[in-house]
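The values are calculated or read from the model by the stated rules, or taken from the named source; none is laboratory data. Because the structure is predicted, anything quoted here is derived from the model rather than measured. Quick reminder, even Gly has a Cβ in these numbers, built from the backbone with ideal geometry, and neighbours come from all protein chains shown. Ligands, DNA and RNA are excluded from the accessible area calculation, which covers all protein heavy atoms including side chains. Shrake-Rupley method; radii C 1.70, N 1.55, O 1.52, S 1.80 Å.
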Amino acid sequence: VASHDYGDALSKCILFFEGQRSGKLPSTQRMTWRKDSALSDGSDVGVDLVGGYYDAGDNIKFSFPMAFSTTMQAWSILEFGHLMGSEHENALESLKWSTDYFLKATSVPGKVVAAVGNPKGDHNCWERPEDMDIPRTSYLVNTTKPGSEVSAEIAAALAASSMVFKSVDSQYSNLLLQRAFQVFQFADQYQGSYNYSVGEGVCPFYCDYDGYMDELIWGAAWLFKATNEQKYWNYVVENIHFLENSVETESNKAVYVGGCFADFGWDGKNAGINVLISRWVMNTSKSDPFVSYADKFFCTVLPESPTRWVTYSPGGLMFKYGAKSIVNSQHVTATSFLLLVYSQYLTMFNRNFQCGDVAVSPSRLVQLAKVQVDYVLGSNSMGMSFMVGYGQKFPQRIHHRGSTLPSIDKYPKRLKCHDGDEFFETKDPNLNVLTGAIVGGPDINDKFEDDRSNWKQSEPTTYINAPFVGVLAYFKVYPNS
């Protein structure tokens, strides 16, 4: 593939979120095969929880990954919104679909909604979101059953989004910021993991594997960015040492090792924290440990670095945790985003860094991000784009209920729990195109099985797409970087 239409890819990347919408769809809905769904969410706890996003190919609303996706959409707009052109408005609408939901999910003081929908019941049924008959259980954390990671990530999402909306709707921006204060205070005051508090409502699907201190620091960092209030900076500085040591912790569902400086995704925030903060402290006396850890992170990623940790497929795709990585695209898009953001910061301060005896320039980080983006969009040995609807050849059998099953327009009769099994099992392409969805992607040998039963390779998620919004906006304007 000689070159890519990054503008087209950006439009589709944002459009994907409309296919993930839960709740009452607006008249502006462009992905018209999707209809209203889950209109009584929250009725079991007496709170309106209609709205938000389904995180992946299922019909559950998991707040932890949804909030991370929201933070990344907001960060994408903050860094690269000025490059989005006509898509800026769609990006704002996509972000507001999340923030409106999180205002509902945090509307009762001392309580935060961690998930809606029984995941085991949901995963047993191949059902359209419009037809769901599984229990729409609301799973909440509170002062006696805390969930610091999910609450602090929501606080980060609200704080980041408040900055996005500041020049668009100051009243709404202020509402988001005030709520971010409250939710962060709740997360910090009542510390504990939602693994214990919510249990099967989130585990094993989105258990927190590296503790909640990274989310608390991440939340404080975003609140500092939004307010410049010294107390949030002090919080970061006083607690950052928690991220420097890996601690093995046992939850009721998993034994896990505490976060690593090279983690960044819906679970681990460490690399993101260091990159975010580096902008404020680069070339100052406060630069340590943030800048040194950010440098160290990128040295684990660069192919030529003597301290590289990641592996690369023969075609050049990054594999963050080796060949067995689950849903690898999430690491590719999140790391590509950090590569671009850090390159901007380095350029701003006229700075390079070293990986052993290898000198690294800002343009080198951009170059590596572009290799990853181009691979995802089709510059690979398969000639296949891993974004649905982009390019001539893309996955046809993605692991996604709504995409697989006939739209209500075509098949108005209700489909019960196992009525959709035949559509799951067929070798035919999906009936509805989930435009813009980026799937898990190929294996480390550049092999891809276009099979909806292989969810690791064929399932899309909101947290794969969210960081890519900013990345594609950058390359839309600077395609030859």
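The test for being within 29 Å of TYR478 (Cα to Cα), in contact with a helix residue (DSSP H, G or I) (Cβ under 6 Å, 6 or more places away or on another chain) and part of a helix (DSSP H, G or I) does not hold for LEU15. ASN432 satisfies every condition listed in (1) among the polar types (S, T, N, Q); (2) open to solvent by less than 10 Å² (accessible area, probe 1.4 Å); (3) touching a helix residue (DSSP H, G or I) at 6+ places or on another chain (Cβ under 7 Å) except (2).
Close contacts from region 17-32, counting a first residue that is free of Cβ contacts under 8 Å to residues at least 12 places away in the same chain and a second that is open to solvent by less than 80 Å² (accessible area, probe 1.4 Å) and outside any loop (DSSP other than H, G, I, E, B), with Cβ to Cβ under 7 Å and a gap of 6+ residues or different chains, come to GLN29/GLU18.
Yes/no per residue for (1) surrounded by fewer than 22 Cβ atoms within 10 Å (Cβ to Cβ); (2) among the polar types (S, T, N, Q); (3) without any contact (Cβ under 8 Å) to a residue 60 or more places away in the chain:
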site: THR137; (1), (2), (3): yes, yes, no
site: THR144; (1), (2), (3): yes, yes, yes
site: ALA152; (1), (2), (3): no, no, no
site: ALA155; (1), (2), (3): no, no, no
site: VAL183; (1), (2), (3): no, no, no
site: GLY192; (1), (2), (3): yes, no, yes
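Given the structure, is ALA437 closer than 22 Å to PHE62 by Cα, in contact (Cβ under 8 Å) with a residue 60 or more places away in the chain and of a type in the set (Gly, Ala, Ser)?
So ALA437 fits the description; yes.
Step by step: first the residues of region 462-478, then only those that are open to solvent by 10 Å² or more (accessible area, probe 1.4 Å) and out of contact with any Phe, Trp or Tyr (no Cβ under 6 Å at 6 or more places or on another chain), then the one that is nearest to GLU18 (Cα to Cα). Which residue is that? Ranking the qualifying residues of region 462-478, first place goes to VAL477. Could you grab me the full set of residues in region 164-207 that are in a loop (DSSP other than H, G, I, E, B), within 23 Å of the chain's Cα centre (by Cα) and of a type outside the set (Lys, Arg)? The answer is PHE165, GLY192, SER193, VAL202, CYS203, PRO204, PHE205, TYR206, CYS207. Looking across PHE394, PHE448, PHE423, one residue alone is over 26 Å from GLY378 (Cβ atoms), open to solvent by 20 Å² or more (accessible area, probe 1.4 Å) and among the aromatic types (Phe, Trp, Tyr). It is PHE423.
If you go through region 367-390 and keep only what is open to solvent by less than 10 Å² (accessible area, probe 1.4 Å) and among the acidic types (Asp, Glu), you end up with nothing.
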